[in-house]
Amino acid sequence: MRINDQIEIADWELTESFTRSSGPGGQNVNKVSTAVELRFEAERSPNLPDPVKRRLRRLAGRRWTQDGAIVIFVQDTRSQARNRDIARDRLAELILKATEKPKRRIPTKPTKGSVRRRLAAKKARGEVKALRGKVDD
């Protein structure tokens, strides 16, 4: 399975199992195993660089297992082949998203003018509140 020019996933890294699907489908649901569980051994994959693995782990969330695999479960359609394609597409999309290096945030300071305006507004508001008390004779 080809993700981009640098990353290609071998067949031994992917394991598919099929189970009966829930939801619509009538008698077909009781007879045919259409739901697909795609398992990708991400931690052991030699084709993924370490930074991509770390981002992939964060992006996968609950789909990441303790032994370092990603499990994608699809039962969207009544067709086993279509569910299989959807699962592979979702995995490819997830890996592709993990290959994008996030932009580093550069912390900024507020301008002197904005700090001055904020403090002046606080002072004015404090004066308004100070004038609200009881009036002494």
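Read-outs: derived from the displayed coordinates by stated rules, not from any lab. Bear in mind that the values here come from a model prediction, so they are computed numbers and not experimental data.
Summary of computed values
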{"item": "In sequence order, calculated HN-Hα J values of the range 31-38 (Karplus, 6.51, -1.76, 1.60; Hz; x Gly/Pro)", "result": "9, 10, 8, 9, 6, 10, 10, 9"}
{"item": "Tilt relative to the chain, helix 50-60 - C-alpha long axis, 0 to 90 degrees, to 10", "result": "80"}
{"item": "Å³ per residue enclosed by the Cα convex hull of the chain", "result": "241"}
{"item": "Calculated [θ] (222 nm, deg cm²/dmol) that DSSP helices of n ≥ 4 give over the chain, each run adding -39,500 (n - 2.57)", "result": "-13000 deg cm²/dmol"}
{"item": "15 Å Cα-Cα reach of LYS109 towards aspartates and glutamates, excluding residues that sit fewer than 8 places from it in its own chain", "result": "none"}
